[in-house]
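Have a look at the structure below, then the notes.
The values are calculated or read from the model by the stated rules, or taken from the named source; none is laboratory data. All of these numbers come straight from a predicted model, not from anything done at the bench. Ideal geometry is used to build each Cβ from the backbone, glycine not excepted, and the neighbour counts take in all protein chains shown. For accessibility, only protein heavy atoms count, side chains too; no ligands or nucleic acids. Shrake-Rupley method; radii C 1.70, N 1.55, O 1.52, S 1.80 Å.
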Amino acid sequence: MADEREASGHCLCGAVRFTATLVSHDVQVCHCGMCRRWTGGPLMFVDVDGAPAFEGREAIGIYRSSEVGERGFCTRCGSILFWKVAGEERYTMAAGSLDDASRLALKTEIFIEDKPGFYDFSNATKKVVGSEAMGAYISGSGETN
Ligand SMILES: [Zn+2]
Ligand SMILES: [Zn+2]
């Protein structure tokens with residue numbers, strides 16, 4: 001059912017709201033050093049089919065964190081909203097920004113080689129090195145995100 005993939009979400013202060021079509025309810029975790037700096041921990045995200053529809057777009061800040069990636073956040077409350085492929089309408093939304101987490105399932109951990117030793121997830125996940133994970137988003141071998 002396409003309807004089950006329709007999702008809504010918003011930032012902490014509510015200045016930015018969105019609706020998006022999820023590719024699936026599979027959640028990925030990124031353990032890379034950039035996500036760690038950005039989030040304070042690992043980034044949990046879901047892949048989106050096409051571009052989300054945003055309300056409050058003027059409150060969205062974009063940080064171009066690498067050649068391949070852009071990170072979107074609310075400039076009023078600082079909430080993390082998305083990572084996207086720079087220059088393309090390929091978005092992943094922060095899992096925590098979604099209104100309904102009831103169908104989400106943690107499936108994959110990426111940049112597993114960068115995971116710090118102080119935590120582990122007990123979920124049975126597919127563990128993927130960064131270069132392989134980025135290959136899903138970029139043709140060629142992206143080393144950074
Ligand atoms: Zn906000
Ligand atoms: Zn990352």
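Structure data summary
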item: R0 of 25 Å, Cβ-Cβ distance Ile138-Lys107: FRET efficiency to nearest 0.05; result: 0.75
item: Accessible area (Å², per residue) of the chain, counting only protein heavy atoms and a probe of 1.4 Å; result: 52 Å²
item: Mean Cα-pair separation over length for the chain, i.e. relative contact order, pairs under 8 Å, 6 or more apart, %; result: 25 percent
item: Cα shape, the chain, gyration tensor, a/c 1.5 rule; result: rounded
item: Within-14-Å neighbourhood charge of Ala95 [Cβ basis; K, R +1; D, E -1]; result: -3
item: Protection proxy ranking, peptides 122-129, 11-18, average beta carbon neighbours within 10 Å, highest first; result: 11-18, 122-129
item: Ordering of 26-35, 55-64 by burial proxy (mean other Cβ atoms within 10 Å per residue, highest first); result: 26-35, 55-64
item: Mean ellipticity per residue at 222 nm, deg cm²/dmol - from DSSP H runs of n ≥ 4 across the chain, formula -39500 (n - 2.57); result: -2000 deg cm²/dmol
item: Antiparallel %, DSSP beta bridges [both residues in region 66-131], to 5; result: 75 percent
item: Residue list for region 1-34, given a label point 7 angstrom along the Cα-to-Cβ vector of Glu55 and an amide N cut-off under 19 Å; result: 6-22
item: Within-12-Å neighbourhood charge of Val46 [Cβ basis; K, R +1; D, E -1]; result: -1
item: For Gly69, residues with placed amide H under 5 Å, excluding near neighbours; result: Ala86
item: Spacing of the two label points (7 Å from each Cα toward its C-beta) at Cys13 and Ile62, in nm; result: 2.1 nm
item: Glu6 paired with Ala124, simple spin-label distance in nm, labels 7 Å along Cα-to-beta-carbon; result: 3.4 nm
item: Under 19 Å from the Cα of Lys126 - lysines, other chains or at least 8 residues apart; result: Lys107, Lys115
